[in-house]
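Here it is, the structure in full.
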Amino acid sequence: MITRDDITGLVLAGGQGRRMGSVDKGLVELNGRPLAAHVIERFSPQVGPLLVNANQHRERYAAFGYPVVADAFPGFAGPLAGLHAGMAAAATPLIATSPCDSPFLPNDLVARLASAFDAQPIDIAVARTFEQPHPVFSLVRCAVFPHLEAFLHGGGSKIDAWYASLRIAEVSFDDEADAFRNINTAAELAENSRGQADVTRPNAA
């Protein structure tokens, strides 16, 4: 039976935010608070330790009160590089991920992903809504770290290509499909804001 203490949570905030105008998306404010703060509020009660993967403004992310880990692979290599950094720092057998731009993530995300591990021997559980998998919302065995590292060293970057050779289960969240909407652009930020959207570039930490 998997418990919270078996799971490190990892907030993925290591991207460049190109679609948001090349700003640090996790620090862009929604209703007066950074997107990453919204994610942490919903995600942290579902896991044991929590980490934030960030490659810029690390001091500002550290101000949320959790350790910050940067990619070991250069060039903003994507969410798999963030997962690699999180696994390298984690001391638990499992790691759960959520992107920093999805402030409405389900409050039962991790518990439902964990239930897939109780049902069958798998390496990774991925959230799915209808026919759409959401691989950045996942629960992964940290024992696959060498497999991931080899994939990244080989130049791989696509999540589905990486986990194609692993034992995977997709967990249906059709009943909470709206919770997986993310905020990639200034227009999406404005649509989800109660007030004026703030898409100004964060000050350097």
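The values are calculated or read from the model by the stated rules, or taken from the named source; none is laboratory data. Quick caveat, the model's predicted, so the values are computed rather than measured. Methodologically, a virtual Cβ is constructed for each residue, glycine included, from the backbone with ideal geometry; neighbour enumeration extends over all protein chains shown. The protein model used for the area step is the full one, side chains on, heavy atoms only, and it has no ligands, DNA or RNA in it. Shrake-Rupley method; radii C 1.70, N 1.55, O 1.52, S 1.80 Å.
Just name the residue that is modelled with the lowest pLDDT out of those in segment 168-205 that are among the charged types (D, E, K, R) and not in a loop (DSSP other than H, G, I, E, B).
Of everything passing the filter in segment 168-205, ASP198 is modelled with the lowest pLDDT.
Looking only at residues that are open to solvent by less than 50 Å² (accessible area, probe 1.4 Å) and of a type in the set (S, T, N, Q) in segment 44-69, which one is farthest from ALA89 (Cα to Cα)?
GLN46
Further question: On the given criteria, is PHE145 aromatic (Phe, Trp, Tyr) and either open to solvent by less than 20 Å² (accessible area, probe 1.4 Å) or under 30 Å from SER193 (Cα atoms) (or both)?
Here the answer is no, as PHE145 does not meet what is asked.
Suppose we keep only residues that are open to solvent by 50 Å² or more (accessible area, probe 1.4 Å) and either not hydrophobic (A, V, I, L, M, F, W, C) or not in a loop (DSSP other than H, G, I, E, B) (or both) within segment 1-20. Which one would you say is modelled with the lowest pLDDT?
Ranking the candidates gives ARG19 first.
For residues that are open to solvent by less than 30 Å² (accessible area, probe 1.4 Å), of a type outside the set (Asp, Glu) and either without any contact (Cβ under 8 Å) to a residue 24 or more places away in the chain or assigned to a loop (DSSP other than H, G, I, E, B) (or both), tally how many sit in segment 22-33.
Selection size over segment 22-33: 2.
Keeping to segment 87-101, report how many residues are over 19 Å from THR3 (Cβ atoms) and within 12 Å of the chain's Cα centre (by Cα).
3
If I filter segment 100-117 down to residues being of a type in the set (A, V, I, L, M) and open to solvent by less than 50 Å² (accessible area, probe 1.4 Å), which single residue comes out as farthest from LEU35 (Cα to Cα)?
ALA116
Related question: So, ILE159, is that one open to solvent by 50 Å² or more (accessible area, probe 1.4 Å) and farther than 14 Å from VAL11 by Cα or not?
no
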